[in-house]
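What follows is a short report on a single structure.
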Amino acid sequence: MYNFTFHVPTTIHFGKGQISHLDELAQYGKKALLCYGSGSIKRNGIYDEALRILGQAGVEVEELSGVEPNPRIETVRRGVETCKTTGVDMVLAIGGGSTIDCAKVVAAGARYDGDPWDLVIHPEKITAALPIFSVLTLSATGSEMDPFAVISDMTKNEKWGTAAECMKPTMSVLDPTYTFTVSRRQTAAGTADMMSHTFENYFTMEPGAYVQQRMAEGLLRTMIHYGPIALEEPDNYEARANLMWAASHAINGLVNAGAANAWCVHPMEHELSAFYDITHGEGLAILTPAWMEHVLSVKTAPMFATYGRNVWGLQGTDDMSVARDAIAKTREFFFVTMGMPANLRAVGIDDEKNFRVMAEKAAAGSKGSFVPLTADDIVEIYRAAL
Ligand code: NZQ
Ligand code: ZN
């Protein structure tokens, strides 16, 4: 296990009614920029409730609405402009990962003298940010408790993740009842996303990270158990609560601190979203089994077999055969149990014309300790997923 520093400054208020804690924002200033998406928070009442609590606490509100799924740099620029011209003291995101990510870069952009796209492609330029708060409405990305933000410039087919300590939220409200209205499709995509974060951290050649590995298996078992329940019973509190808390821990450092890992499915998926604007979790579900099959070898079979035994309860002593069964189980879970699109054609990607350029870009982010991937490898994975 490598040396590491683990620091999560985010205060989590978890459970029904915890939005009442938004009154604590008054300690951080007089004016908040409220960021949200296309209106789900107005339909399910969270918007009115948040404005009521902030009003009572004496916090004024400016708004940044219309944050897109796969948030755009143009929207970030709009938010930064509002912060700079109206003297906003803090940023409050109410929504899913897209809204929180947008709010994070707005908060950093408000403290940066230049175009916020610089902060997306040069994370080291993020040196300060306004305090960031979130009310999570969709369990998936873990943005509510992590330093990352992913922003797109569709005019250039670019989608990049950035990160900074100062973009970790100061406080996040996690009320599972707020996710009752998440659609079947987004529930499946969110489950696939949190599973992918866990996989990216779990598959590592670093020996001795036993506790991280067993925690990751516990998270995966939780997601596999509760994902299908949330699909069938959208207002099942136990299912929504377990998914919500599992998602936060999949990416907040708990399961990867001390264990070398290299995220490789995410860079491949970000290229799909950058070129075709698809839903992140659906792209991950499509690519994950194809990636697993591509990297399965005599060397990696023991790791996939451990996954099969500890997560899926598979029996058997032959590692290669258990590994193959584990990958088949993963495939079946995404495409049958969760009913997700099973290949790229199903999300509207019908030909391979962009595969080479996407693979070259993804390869830059895929060098790592589990199985390093070249651009040729990635083209093969895209083809297998077509
Ligand atoms: O726009 P609204 O009206 O809010 O509707 C959203 C959106 O259409 C809707 N939704 C959210 N909460 C809802 C709801 N609908 C009904 N009821 C609710 N309670 O769901 C749709 C998708 O929302 P979005 O925020 O885009 O989803 P998600 O949370 O999956 O975020 C995806 C984005 O996060 C990035 C992805 O690349 C993608 O851009 N990621 C961020 C990460 C991070 N910050 O750590 C890591 C991830 O790997 C990921 O890359
Ligand atoms: Zn993700």
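Summarising the overall dimensions of the stretch 1-127 from its C-alpha atoms, the Rg and Dmax are 15.4, 49 angstrom.
For the stretch 278-291, putting each phi into the Karplus relation 6.51 cos²θ - 1.76 cosθ + 1.60 with θ = phi - 60° gives couplings of 8, 6, 3, x, 5, x, 5, 4, 5, 7, 4, x, 5, 5 Hz, in residue order, rounded to whole numbers and with x for Gly and Pro. Bridges between two residues of the stretch 29-159, per DSSP, are antiparallel at a rate of about 10%. At full extension, ALA346 and LYS84 could sit 90.0 nm farther apart than now, given 0.36 nm per residue minus the alpha carbon distance. The accessible surface of the chain, taken with every protein chain in place and a 1.4 Å probe, is 51 percent carbon and sulfur.
With the Kirkwood sum run over all distinct C-alpha pairs, the stretch 133-208 has a hydrodynamic radius of 14.4 Å. Normalised Debye scattering of the stretch 148-302 at q = 0.11, 0.15, 0.19, 0.20 Å⁻¹ gives log10 I(q)/I(0) of -0.47, -0.90, -1.37, -1.44, counting only Cα atoms as equal scatterers and leaving out solvent. Per residue, the solvent-accessible area of the chain (1.4 Å probe, heavy atoms of protein chains only, all protein chains present) comes to 39 Å². For the pair the stretch 125-167 and the stretch 218-250, the centres of their Cα atoms are 23 angstrom apart. Each 5 Å bin from zero up to the one holding the largest Cα-Cα distance in the stretch 321-365 carries the following percent of pairs: 5, 18, 14, 15, 18, 22, 8, 0.
When each of the peptides 6-12, 23-29, 267-273 is scored by how many other beta carbons lie within 10 Å of its residues on average, the order from highest to lowest is 267-273, 23-29, 6-12.
If the Kirkwood radius is taken over C-alpha pairs of the chain, then at 25 °C and 0.890 mPa s the Stokes-Einstein diffusion coefficient equals 116 µm²/s. For CYS35, nonlocal amide neighbours, meaning residues 5 or more places apart or on other chains whose placed amide H falls under 5 Å from its own, are LEU64, LEU92, ALA93, ILE94. Using the Cβ of THR86 as centre and a radius below 14 Å, the other residues enclosed give a net charge of -1, where K and R count +1 and D and E count -1. State the Cα centre-to-centre distance between the stretch 285-358 and the stretch 1-72 in whole Å. First find each Cα centre; the distance between them is then 36 Å. Scattering from the stretch 277-351 was approximated by placing one identical point on each alpha carbon and applying the Debye formula without solvent; log10 I(q)/I(0) at 0.12, 0.13, 0.15 1/Å stands at -0.36, -0.42, -0.53.
Taking packing as the residue-averaged number of other Cβ atoms within 10 angstrom, the listed peptides 180-191, 298-309 run from highest to lowest as 180-191, 298-309. Among the listed pairs LYS329/LYS353; LYS31/LYS168; LYS104/LYS125; LYS104/LYS353; LYS42/LYS168; LYS168/LYS361, those whose Cα-Cα separation exceeds 22 Å are LYS329/LYS353; LYS104/LYS353; LYS42/LYS168; LYS168/LYS361.
When DSSP beta bridges are restricted to pairs lying wholly in the chain, around 20% turn out antiparallel.
Stokes-Einstein, applied to the Kirkwood radius of the stretch 185-234 over Cα pairs at a viscosity of 0.692 mPa s and 37 °C, places its translational diffusion at 282 µm² s⁻¹. The magnitude of the dipole of the chain, with charges of +1 and -1 set on the Cβ of Lys/Arg and Asp/Glu and taken from the Cα centre, is near 180 debye. Put simply, the stretch 61-119 fits an ellipsoid with semi-axes of 16, 13, 9 Å; these come from the alpha carbon gyration tensor as the roots of five times its eigenvalues, largest first. Taking packing as the residue-averaged number of other Cβ atoms within 10 angstrom, the listed peptides 162-173, 335-346 run from highest to lowest as 162-173, 335-346. So if we plug the beta-carbon distance of ARG383 and ASP318 into 1/(1 + (r/R0)^6) with R0 = 35 Å, what FRET efficiency do we get, rounded to 0.05? For R0 = 35 Å, the calculated efficiency reads 0.75.
The values are calculated or read from the model by the stated rules, or taken from the named source; none is laboratory data. A quick note: this is a predicted structure, and the numbers were derived from the prediction, not measured. Note that each Cβ is placed from the backbone with ideal geometry, even for glycine, and that neighbours are counted across all protein chains shown. Accessible surface is based on the protein model in full, side chains and every heavy atom, while ligands, DNA and RNA are left aside. Shrake-Rupley method; radii C 1.70, N 1.55, O 1.52, S 1.80 Å.
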